[in-house]
Every structure is written in structure tokens, then in C-alpha cells.
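Read the figures in this text as sums done on the coordinates, not as results from a lab. Note that the structure is a prediction, hence the values are computed from the model and not measured. No Cβ is skipped: glycine too gets one built from the backbone with ideal geometry, and neighbour counts run over all protein chains shown.
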Amino acid sequence: MVKAKFEDFELHIAEATCMYDRYVVLIKKPLEDFEVDLKKLVEASVESFNSRAPGQRHAISCNAYLTVIVNKRDDSDQVFCGIYFNLKSPFISLRGESLLNDHAQNDSGRKVE
């Protein structure tokens, strides 16, 4: 069975960190915290991928801001890593209501009184 290594994805982590720094505005998650979280998620996905059951090809780790998928194609022994930003607007709630008022918002997008 093909094994993944954290070191194989260091370039992916560097590229995702650069994209986060350049394009994502998230006051609750400074760049340093983002990078720490990303590395933990990649490590978790690699560990899960390496301990997967026979026939399984994917390992997924996520938090409120990121999803990391480590997988292998059927026709190749190469292991891939996908890093996705779970983006959301702080101005629209789950029901489509505007949150541009005096109410705070929690991470789920619901109003907090």
C-alpha cells in the first residue's frame, strides 16, 4: 500500500499560506495561526491516509476554515494533497439575512444576542 509523508506536501503548505496571506481576509485567524492549523490538518490527513483500510483512497481533515484531502488515484502510486479554503461571508447568515447591524456573529453564521 502506498504511504504518504508530511514532507511531500511542504510546497503545498507554503503555496496555500501565500494564497491565504494574499487573498483571504480573516480577522479571527492571523497568518501564523493559519499556518499552524494547516500543518496540523495535513499531518492528520497523512496519518489517516497511511492507516486507511484496503481499498480506500482518501483521507480528509477539516476545521471551520480549511479542508485538507490526501488521496491516491487508482492508476498511479502518486499521492496528492488538496487544500481548500472554507470561505464564508460575515455579512450573510445561513438564512440569507444581513448581519450588518449591532448583533455579533458566531462561527456558525448565526446571530448571537
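Descriptive notes on the structure:
- Computed lengthening from residue 76 to residue 43, 0.36 nm per intervening residue step minus Cα-Cα distance: 9.7 nm
- Local charge for residue 12 was computed over the other residues whose Cβ lies under 14 Å away, with Lys and Arg +1 and Asp and Glu -1, and equals -4.
- Ratio of the Cα radius of gyration of the range 6-88 to 2.2 N^0.38 Å, where N counts its residues: 1.12
- Distance from the C-alpha centroid of the range 63-87 to that of the range 1-55: 9 Å, rounded to the whole angstrom.
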